[in-house]
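The values are calculated or read from the model by the stated rules, or taken from the named source; none is laboratory data. As the structure is a prediction and not an experimental result, all values here were calculated from the model. Note that we place each Cβ from the backbone using ideal geometry, even for glycine, and neighbour counts take in every protein chain shown. Keep in mind that these areas ignore ligands, DNA and RNA; they rest on the heavy atoms of the full protein, side chains included. Shrake-Rupley method; radii C 1.70, N 1.55, O 1.52, S 1.80 Å.
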Amino acid sequence: MTDTVTAPTSVPEDSRLKDTWLKRQLITLVIGFVVVAALPLILGEQAQTVAVRTLIFALMAVAWNIMSGFGGMFSFGHAAFFGIGAYTGAYLLVDYGISPWISMAVAAVISASVGTLLAYLCLRYRLAGSYFALATFAFAQMFLLLVQNLEVFHKTEGFNVPLLPRDSWWMLQFEKGSPNYIWIPLVILALAVLGTIFYVRSRAGQFVQAVRDDETAAASLGIDTMKYRLIAVASSCALIAVAGVYYTQYYFFVGPEQAFGSAVSVEAIVPAVIGGIGTIWGPVLGAAVIGPLSEIINELLRNPPGFLGFLDGAIGLDVAVYSVILILIVIFLPKGIFGTIRERWFR
């Protein structure tokens, strides 16, 4: 009788360890985080202001990209959800003294609920493509008019955040030029990008991209198209609401135009389009371009050189420049900066 020798069973390796794509994203995230975290040590006070503005742009663009890039539901009205966050934070802080950290959670829930309801109504009645985009724009304008006419939100005067006499992590207030004003949004952005990386590889992320590419084919395979689209909408609205809360806390003021104005929607869209829609790093890269550019334009308007004296006091130039950049990007880099670089790298 011959004994049967059983070969030792090898322990299956975690497939995630073999996922070079995932490892590349995580390594890039860690390197980028360390580099940006060191910026307060070398930047002056004015440059730190630009860095904070850039981080807020990046957070807004990452949020918009989840819904419009990966979800395929182009939104022209993300100002509505940014404004919900900004006003929720201001209202709870000014009237009730509630910490912005709590306001971020409350604003995220409110914004996600409102966004999900609006998206459900649009999708339920088959408003797709340009009709969906116009519907989101209309909702944002509706919120703007409501805030401007409701006494509880101080109408057109907005909210002024009261200043504290000392630093407070709980109330997110520090002395002017504190590096904490950069590190806090940086941590939020890093968590948002990390969440996006895992979302894209998750079942929900894969399904919503399948719906974006071919809704009929996805539905025929049994994918609940409404469910996975709404998950993308809720995530996107919740994240941009957090950006709105931080915006109010950093600038100590928010008014209807700063929260719900059409320029806010543009500021969420432009970095994602310039960087690359439907990519992980495109919105971040686009924000790195738009953030400093916005400051340069504002400085140009404040102190124009002699031959540009006609720009003194002009408004809306930043939006005009964004429009020109968008046209050039669409013509020469239709997949955005990051999308084009990635395509040529792997060609």
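On the given criteria, is L164 closer than 30 Å to A38 by Cβ and in a loop (DSSP other than H, G, I, E, B)? If you could, list the steps in order and put the result at the bottom.
Values: closer than 30 Å to A38 by Cβ: yes; in a loop (DSSP other than H, G, I, E, B): yes.
So L164 fits the description; yes.
Out of region 242-259, which residues are among the β-branched types (V, I, T) and open to solvent by 10 Å² or more (accessible area, probe 1.4 Å)?
Taking region 242-259 first, the residues among the β-branched types (V, I, T) are 242, 245, 248, 254.
Result: V242, single match.
Just one of S99, S113 is polar (S, T, N, Q), over 20 Å from the mean Cα position of the chain (by Cα) and farther than 20 Å from Q258 by Cβ; which is it?
Numbers: S113 fails: over 20 Å from the mean Cα position of the chain (by Cα).
After ruling out the rest, the residue left standing is S99.
Determine whether V193 is among the aliphatic types (A, V, I, L, M), within 21 Å of A238 (Cα to Cα), over 21 Å from the mean Cα position of the chain (by Cα) and assigned to a helix (DSSP H, G or I).
When the stated conditions are applied, V193 does not pass them.
Which ones in region 328-340 are within 14 Å of P283 (Cα to Cα) and open to solvent by 80 Å² or more (accessible area, probe 1.4 Å)?
Selection gives K335 alone.
Kindly establish whether G158 is surrounded by 12 or more Cβ atoms within 10 Å (Cβ to Cβ) and over 23 Å from L41 (Cα atoms).
Numbers: surrounded by 12 or more Cβ atoms within 10 Å (Cβ to Cβ): yes; over 23 Å from L41 (Cα atoms): yes.
In short, yes.
Any residue at all in region 93-112 that is open to solvent by 20 Å² or more (accessible area, probe 1.4 Å), closer than 18 Å to Y247 by Cα and part of a loop (DSSP other than H, G, I, E, B)?
Looking through region 93-112, at least one residue is open to solvent by 20 Å² or more (accessible area, probe 1.4 Å), closer than 18 Å to Y247 by Cα and part of a loop (DSSP other than H, G, I, E, B).
Looking only at region 270-279, decide whether some residue is in a loop (DSSP other than H, G, I, E, B), under 30 Å from R126 (Cα atoms) and either at pLDDT below 80 or open to solvent by 10 Å² or more (accessible area, probe 1.4 Å) (or both).
First pass over region 270-279, keeping only residues in a loop (DSSP other than H, G, I, E, B): 276-279.
With under 30 Å from R126 (Cα atoms) added as a condition, the list becomes 276-279.
Those left that are additionally either at pLDDT below 80 or open to solvent by 10 Å² or more (accessible area, probe 1.4 Å) (or both): 277-278.
Yes: one or more hits.
Consider region 170-198. How many of its residues are loosely packed, with under 12 Cβ neighbours inside 10 Å, under 23 Å from V50 (Cα atoms) and touching a helix residue (DSSP H, G or I) at 6+ places or on another chain (Cβ under 8 Å)?
The number of residues fulfilling the criteria is 1.
Out of G158, G222, I need the residue that is over 25 Å from L29 (Cα atoms), modelled with pLDDT under 95, touching a helix residue (DSSP H, G or I) at 6+ places or on another chain (Cβ under 7 Å) and of a type in the set (G, A, S). Which one?
Values: G222 fails: touching a helix residue (DSSP H, G or I) at 6+ places or on another chain (Cβ under 7 Å).
Exactly one residue qualifies, and that residue is G158.
Looking at F137, F76, F143, which is the one that is open to solvent by 70 Å² or more (accessible area, probe 1.4 Å) and not in a loop (DSSP other than H, G, I, E, B)?
Numbers: F76 fails: not in a loop (DSSP other than H, G, I, E, B); F143 fails: open to solvent by 70 Å² or more (accessible area, probe 1.4 Å).
On inspection, the qualifying residue turns out to be F137.
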